[in-house]
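Q: Before I ask anything, let me first share the structure, which is written out below as structure tokens.
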Amino acid sequence: MNDPTPQDDSAAERQMRFVFALRSHGVTDTRVLQAMERTDRGAFVRGLFAERAYEDMPLPISCGQTISQPSVVGLMTQALDVQPRDKVLEVGTGSGYQAAILSHLCRRVYTVDRHRRLVREAAEVFRELGLVNITAFAADGSFGLPDQAPFDRILVTAAAEDPPGPLLAQLKIGGIMVLPVGQSDAVQSLIKVTRLQSGYDYEELRPVRFVPLVEGLGTE
Ligand code: SAH
């Protein structure tokens with residue numbers, strides 16, 4: 001009765017490989033690892049690439065966008081140092097995977113994407129998974145969400161040339177924003193911005209490659 005079926009076995013093995021890949025890329029924070037173990041990436045990858053959902057690689061999603069590589073998601077989440085009472089803004093909902101992970105770590109997640117279709121599809125998955133502390137909006141996230149501001153944490157998952165001013169302004173004092181910045185698609189750095197009593201502290205974390213932060217709402 002209690003013997004695992006071959007299917008359970010391979011799911012367990014898949015999970016072990018997934019967590020191993022995260023650890024070997026430097027994702028060591030226990031809370032982040034637990035949140036990622038609870039979040040089935042397979043629920044966020046549809047169609048042609050669904051069977052590759054558990055591999056540590058970025059994959060195509062709707063609207064010509066990508067779901068980030070799990071180890072990069074883990075490192076960004078770890079750098080954000082999310083606390084249980086936090087109100088978090090994510091810019092770049094995409095598949096919703098990153099927002100789902102954040103939702104296990106904090107009180108409230110607001111996520112925005114410029115593509116209405118992505119927001120609609122992600123909101124559907126949040127509903128299916130019972131992730132009731134996430135609110136998804138279609139908006140140009142470079143302006144943040146003035147009505148919900150200020151935020152304890154802001155995570156941007158598309159690359160801008162510089163940290164957008166409205167996002168810096170919507171960060172609480174002591175708050176942290178993690179975002180990729182760069183002049184081109186090829187050369188980008190992940191940076192961590194901490195808002196101090198007066199001014200901001202900037203720390204460069206690692207090279208990354210993200211789709212660009214684009215102005216205005218998308219057509220889809
Ligand atoms: N975090 C996502 C991956 C994001 S891909 C995940 O977990 O799957 C980057 C996303 O940023 C894309 O969906 C793109 O549409 C969105 N994006 C780009 N520019 C934007 C802007 N100005 N405002 C909001 N979203 C934007």
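Q: Would you mind getting the Kirkwood hydrodynamic radius of the chain from its Cα pairs, rounded to one decimal in Å?
A: Answer for the chain: a Kirkwood hydrodynamic radius of 17.6 Å.
Q: Please compute the length gained on full extension between Ser189 and Gln15, using 0.36 nm multiplied by the number of residues separating them and subtracting their Cα-Cα distance.
A: Result for the pair: 59.7 nm of gain on full extension.
Q: Hey, another quick one. Ratio of the range 38-95's C-alpha Rg to 2.2 N^0.38 Å, to two decimals?
A: The value comes to 1.22.
Q: Which FRET efficiency value, to the nearest 0.05, do you get for Val132 and Arg209 by plugging their Cβ-Cβ distance into 1/(1 + (r/R0)^6) with R0 = 25 Å?
A: 0.15
Q: Okay, moving on. Suppose a student asked you for the relative contact order of the chain, using Cα pairs under 8 Å spaced at least 6 residues apart; what percent would you report?
A: Taking the mean separation of contacting Cα pairs over the length of the chain, I get 15 percent.
Q: Follow-up question, since we're still on this one. Report the charge-dipole magnitude of the chain in Debye, nearest 20, computed about the Cα centre from +1 at each Lys and Arg Cβ and -1 at each Asp and Glu Cβ.
A: Rounded to the nearest 20 debye, it is 400 debye.
Q: Pull out the extension gain between Thr28 and Lys172, defined as 0.36 nm times the separation in residues minus the alpha carbon to alpha carbon distance; nm, one decimal.
A: Full-extension gain reported as 49.2 nm.
Q: Considering the zone a paramagnetic label at Arg107 would reach in this model (a point 7 Å from Cα along the Cα-to-Cβ line), which residues of the range 154-181 have amide N under 17 Å from it?
A: What the label zone holds, given the 17 Å backbone N cut-off, is 154, 171-176.
Q: Next up: State, to one decimal in nm, how far the label point of Phe143 lies from the label point of Glu124, with both points 7 Å from Cα in the Cβ direction.
A: About 2.8 nm separates the two model spin labels.
Q: When the helix-only estimate is applied to the chain (DSSP H runs of n ≥ 4, each -39,500 (n - 2.57), divided by the residue count), what is the mean residue ellipticity at 222 nm, nearest 500 deg cm²/dmol?
A: -9000 deg cm²/dmol
Q: Could you calculate the FRET efficiency of Arg117 with Glu161 from 1/(1 + (r/R0)^6), where r is the beta carbon distance between them and R0 is 30 Å, rounded to 0.05?
A: It comes to 0.70.
FYI, it's all coordinate maths here, none of it is from the lab. Because the structure is a prediction, the values reported are computed rather than measured. Here the Cβ is made from the backbone with ideal geometry for all residues, glycine too, and neighbour counts use every protein chain on show.
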